[in-house]
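Peer 1: Sharing a structure, written as C-alpha cells. Questions coming.
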Amino acid sequence: MTDGSASVGGALRAGVSDLGASINACWAALLAAVVLTVVAGYLPPGVRLLAVLTAGVIAQGALFRRAFGRAPGLKGLRWGRDEWRLLGGHLLVLGLFLLIGSILLVVIGAIALGVARASAPNLDVGSAEAWKTALANAGPGGFVAGLAPLAGLAILVWLGLRLSFTAPATVEQSGVRVLSAFPLTRGKVPKLLAISLVLAAPLLLAGLLGLTPARGPGVTAASAIFAYLLLAPAWAGALVHLYRHSAVSQDA
C-alpha cells in the first residue's frame with residue numbers, strides 16, 4: 001500500500017488537507033444533501049430512496065465538479081448534465097447490485113437448503129426452529145452454510161469498492177462510466193477498503209461500543225451532517241487522488 005503518491009496515507013492526506021476548501025466551495029450543495037436526507041425520513045419508502053439518491057448525487061456532483069474544474073454553481077448547488085449522468089450511473093450500479101445480490105441470495109439459499117436437507121431429510125422448510133435445529137446438527141456443513149452469507153457480503157463489498165471510480169470518472173469524462181471505470185480500480189481494493197475504514201472509523205467505533213443512540217430526527221440530522229460535511233468531502237478528495245493516479249498509470 002505504498003505505491004508512491006497513490007498510497008493510503010497519500011490519499012487520506014489529499015482528502016483531509018482539502019476538506020476545508022471543499023466545504024467552503026460546496027457548502028450549499030452539501031447542506032442541501034443534509035436537508036434532503038432528513039426530509040427523506042418522512043417520505044414513503046419509494047420516494048425516500050429517490051430522495052436519498054438525489055442527496056448523494058447533489059453532493060457528489062458539487063465535489064467532483066470542483067475537483068475537475070467544472071462549473072461550480074451556487075456554492076456547489078446546481079443540477080446539470082453532470083448530475084443527470086451521476087444519477088444514471090447510480091441507477092446502473094443499483095441495478096447491478098440487485099442482480100448480483102439476487103444471484104447470491106439464490107446460491108446462499110441453495111447451500112443452506114442442501115445442508116439442512118442432508119442433516120434433516122424431513123425438514124419442515126416453513127419452520128424457523130426446524131431450520132435452526134437442522135443447521136446446528138449439520139456438523140461441518142453447518143459451518144459452511146454459516147460462512148456463505150459472509151462470503152456473499154464480502155463479494156458485494158468488493159464489487160462496491162471496484163465501482164468506486166464510477167462517480168469521478170462520470171464527471172471527469174462527461175459520460176456515464178460504470179463498467180468502463182472498473183479496470184481503474186484493479187489492484188486498489190485493499191487501499192480503498194483501508195481508506196473507507198479509516199474515514200468511517202468514528203461511526204464504526206461508536207457502533208462497536210454501543211454508543212449509537214436510538215434513531216430519531218436529531219440522530220438522522222447529526223449522521224447526515226457528519227456524512228456530507230466531513231466524510232463525503234474527504235472521501236471524494238481521496239478518490240480523486242487515486243483516480244488521477246490510476247488514469248495516468250493506465251495511459252502510460
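The values are calculated or read from the model by the stated rules, or taken from the named source; none is laboratory data. Owing to the predicted nature of the structure, the values given are computational and were not obtained by experimental measurement. All Cβ positions, glycine included, derive from the backbone under ideal geometry; neighbour counts span all protein chains shown. We work out accessible area using only protein heavy atoms, side chains counted, and drop any ligands, DNA or RNA first. Shrake-Rupley method; radii C 1.70, N 1.55, O 1.52, S 1.80 Å.
Peer 1: Over region 59-169, give the accessible area per residue in Å² for a 1.4 Å probe, as an integer. List each step's numbers first, then the result.
Peer 2: Working: 6020 Å² over 111 residues.
Using a 1.4 Å probe on heavy atoms only, each residue of region 59-169 averages 54 Å².
Peer 1: Right, next: Net charge near Ala120, counting Lys/Arg +1 and Asp/Glu -1 over other residues with Cβ under 14 Å of its Cβ?
Peer 2: Details: positive: Arg117, Lys132; negative: Asp124, Glu129.
Taking every Cβ under 14 Å from that of Ala120, the sum is 0.
Peer 1: Give me the extension gain from Arg117 to Leu91: residue separation times 0.36 nm, minus the current Cα-Cα distance, reported in nm with one decimal. Walk me through the intermediate numbers first.
Peer 2: On the way: separation 26, 0.36 × 26 = 9.36 nm, distance 3.83 nm.
Working it through step by step, the gained length comes to 5.5 nm.
Peer 1: Tell me, what is the 1.4 Å probe accessible area of Phe143, in Å² to the nearest 10?
Peer 2: 140
Peer 1: Right, something else. Sum -39500 (n - 2.57) across every DSSP H segment of at least 4 residues in the chain, then divide by the residue count to get the 222 nm mean residue ellipticity, nearest 500.
Peer 2: Working: 11 runs with 182 residues, N = 252.
That comes out to -24000 deg cm²/dmol.
Peer 1: Would you give the gap between the C-alpha center of region 1-57 and the C-alpha center of region 167-181, rounded to a whole Å?
Peer 2: Between the Cα centres of region 1-57 and region 167-181 lies a distance of 17 Å.
Peer 1: Hey, another quick one. Stretch Arg48-Leu99 to full length: gain in nm at 0.36 nm per residue minus the Cα-Cα span?
Peer 2: Numbers: separation 51, 0.36 × 51 = 18.36 nm, distance 2.14 nm.
Separation in residues times 0.36 nm, less the Cα-Cα distance, equals 16.2 nm.
Peer 1: On C-alpha positions alone, give me the angle between the axis of helix 19-40 and the longest principal axis of the chain, in degrees, nearest 10.
Peer 2: 50
Peer 1: A further question on this structure: Compute the helix-to-body angle for 81-119: its Cα long axis versus the longest principal axis of the chain, expressed 0 to 90° and rounded to tens.
Peer 2: The answer is roughly 10 degrees.
Peer 1: As I understand it, the value is the acute angle between the Cα axis of helix 189-199 and the longest principal axis of the Cα atoms of the chain; what does it come to in degrees, rounded to 10?
Peer 2: Taking the Cα atoms of the chain, the angle to 189-199 is about 70 degrees.
Peer 1: Please find the FRET efficiency linking Ser174 to Trp79, where r is the Cβ-Cβ separation and R0 is fixed at 22 Å, and quote it to the nearest 0.05. Before the final figure, lay out each step's value.
Peer 2: Working: r = 16 Å, r/R0 = 0.72.
Efficiency for this residue pair is about 0.90.
Peer 1: Just the number, please: carbon plus sulfur as a percent of the accessible area of the chain, 1.4 Å probe, no ligands or DNA/RNA counted. Please list the in-between numbers first.
Peer 2: Working: 9490 of 13240 Å².
The nonpolar share, carbon plus sulfur, comes to 72 percent.
Peer 1: Let me spell out the model: positive unit charges on the Cβ of Lys and Arg, negative unit charges on the Cβ of Asp and Glu, origin at the Cα centre of the chain. What dipole size does that give, in debye rounded to 20? Walk me through the intermediate numbers first.
Peer 2: Numbers: 18 positive and 8 negative charges, 94 e Å.
In total the dipole reaches around 460 debye.
Peer 1: Could you derive backbone 3J(HN,Hα) for region 147-156 from the dihedral phi with the Karplus parameters 6.51, -1.76 and 1.60 (θ = phi - 60°), listing whole Hz in sequence and x where the residue is Gly or Pro?
Peer 2: 6, 4, x, 5, 5, x, 5, 4, 5, 5
Peer 1: Using a simple charge model, +1 on the beta-carbon of Lys and Arg, -1 on the beta-carbon of Asp and Glu, nothing else, what dipole does region 28-94 show about its Cα centre, in debye to the nearest 20?
Peer 2: On the way: 8 positive and 2 negative charges, 44 e Å.
About 220 debye.
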